[in-house]
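Before any comments, here is the structure.
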Amino acid sequence: MASKIKVDQIQTADGSGTIALQNQLSGMTAASMPTGSVLQVKFVEDSSSQTVATDSGNGAATNLTISITPFSTSSKILALWNMQYEMPNSNAGTGLGMILMRGSSRAWQSGYTWVDVGSNAGPGKHRASWQWLDSPSTASAVTYTINAITEGGNGVTLNTNNNKSQLTLMEIKG
């Protein structure tokens, strides 16, 4: 059985006043949350296999895409994602990079993760994660998409053998 304490008021330690306890959390809104609070979280997961072999432009769009509508223009969007990928034996020295797209614009681009044939990391399956704190400066809907790009245009396969990649967006109050 759970215990309950029922009181109408709490008196301050010095006796100078009381603290009312009527639904202190009712009416809580995004506007009343303190700076740095997480206001909303969006998540998507993808297991579709895709081979990326491009080193130009904005790379190749993946199925990791989420639309989010910030509560305020001062909000930040924390993007966290991970990707399972495979480097084939024939593509020695292939690098895989990630581009976080905000609509049709680049919000951020990673460096390349390098896997050299013959090294301990060698060809085969790998998993890496990335994150970026973005400032979209809008209270309108924004679509974030993860794009993949390869160094030298060599082929890298994402999500082999039904492995999954994930994208999480968190709105942080600014």
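Below, the figures for the structure above:
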quantity: Pair list, Cβ under 6 Å, 6 or more apart: the stretch 158-171 residue in contact (Cβ under 8 Å) with a residue 24 or more places away in the chain, other residue assigned to a loop (DSSP other than H, G, I, E, B) and open to solvent by less than 10 Å² (accessible area, probe 1.4 Å); calculated: SER165/ASN159; GLU171/PRO70; GLU171/SER75
quantity: Extreme residue, surrounded by the fewest Cβ atoms within 10 Å (Cβ to Cβ), among residues of the stretch 34-92 that are in a loop (DSSP other than H, G, I, E, B), modelled with pLDDT under 90 and out of contact with any Pro (no Cβ under 7 Å at 6 or more places or on another chain); calculated: SER56
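The values are calculated or read from the model by the stated rules, or taken from the named source; none is laboratory data. Because the structure is a prediction, the values reported are computed rather than measured. Methodologically, a virtual Cβ is constructed for each residue, glycine included, from the backbone with ideal geometry; neighbour enumeration extends over all protein chains shown. The area values use the complete protein model at the heavy-atom level, side chains included, leaving out ligands, DNA and RNA. Shrake-Rupley method; radii C 1.70, N 1.55, O 1.52, S 1.80 Å.
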